[in-house]
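Read through the structure below, which is laid out as structure tokens, and then see the notes.
The values are calculated or read from the model by the stated rules, or taken from the named source; none is laboratory data. Please read all numbers here as calculations on a predicted model, not as lab measurements. FYI the Cβ positions are ideal-geometry reconstructions off the backbone, even for glycines, and counts take in every protein chain you see. Just the protein is used for accessible areas: all its heavy atoms, side chains included, with ligands, DNA and RNA removed. Shrake-Rupley method; radii C 1.70, N 1.55, O 1.52, S 1.80 Å.
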Amino acid sequence: VRFSLVREAGTIDCEGSFQNGRGSGTFRFTGSQAFLSAMKSRGFDFEKASSKHDRDSDDRLFAAAALNVTTALADELSSAGFKLDVDDLFKAAIFKIDSTFMREMKASGFPNLGMEELVKARIFKIDAEFVRKVTQMGFDKEPFESLVKMQIFKVTPEFIAEVRNEGFTNLDIEDLVKMRIFKIDAEYIRQAKADGVPLEVERLVQRKLGIARKHRDYEQ
């Protein structure tokens, strides 16, 4: 079997064999000097290492071909007004970050997100629609990291509605995250209220920790 993967950054020529649906072989990569020049004219120097631990220019060029990093992608991302470097182009290609996503996040109230934050947004499924839902929950102008915590700990509209129905109407996101960490849900709150525990997050957490200690003592 012989085939080629032709990309703007270069061509990957592959040769090998297949048997019973499994294949193996070798490849040869030929980088494109025209791509290097075009990218350099746009401010993306693939031949300049960003750190002493960075890969050499051939490795970066091969990565660009494998990930299909193009001058069109560089132009599109730059048009959104973000200052990017070569590594940012790789991240954008891997996590499917385009100018539309960048502009949507800007318009949703996060005008100063860098590539690291945009990658987090993709990983944790934070988009303009999620920001809108958070605002509808009563949490507007929250810092980006608070949204990340909400997604990590599954602070959903359903969970917020549950605890609010039990009397918690003025919780902030840190309180809600803490309740998720300690698995404090509506049922637990009802049990705690029945035992006379004040309706305070810290008191519920203390009760939870007390139960955990008693459980460990019982096991010992």
Under the rule of -39500 (n - 2.57) per DSSP H run of 4 or more residues, summed and divided by the residues of the chain, what mean residue ellipticity at 222 nm is obtained, to the nearest 500 deg cm²/dmol? -16000 deg cm²/dmol
Percentage of Cα-Cα pair distances in segment 27-140 greater than 16 Å, rounded to whole percent? 62 percent
Placing +1 on each Lys and Arg Cβ and -1 on each Asp and Glu Cβ in the chain, then taking the dipole about the Cα centre, the residue among Met179, Ile12, Val134 whose Cα reaches farthest towards the positive end is Met179
Which of Arg122, Arg103, Arg28 moves most in a GNM of the chain, Cα contacts under 10 Å? Arg28
Who wins for biggest fluctuation among Gly31, Gly196, Gly81 in a Gaussian network model of the chain, springs between alpha carbons below 10 Å? Gly196
Going Cα to Cα from Lys83, which lysines come in below 19 Å? Please leave out same-chain ones fewer than 8 positions away. Lys40, Lys48, Lys91, Lys96, Lys106, Lys120
Between Thr26 and Asp56, how high is the FRET efficiency from 1/(1 + (r/R0)^6) when r is the Cβ-Cβ distance and R₀ = 30 Å? Nearest 0.05. 0.90
Over the chain, with every protein chain in place, what whole percent of the accessible area is carbon and sulfur at 1.4 Å, could you tell me? 49 percent
Run down the lysines and flag those whose C-alpha is under 27 Å from the C-alpha of Lys208, throwing out any fewer than 8 positions away in its chain. Lys149, Lys154, Lys178, Lys183, Lys193
Considering just Cα atoms, how many Å³ per residue does the convex hull of segment 54-100 enclose? 69 Å³
Two-decimal log10 I(q)/I(0) for the chain, as the Debye equation yields it once each C-alpha is a single scatterer, q = 0.10, 0.18 Å⁻¹: -0.68, -1.20
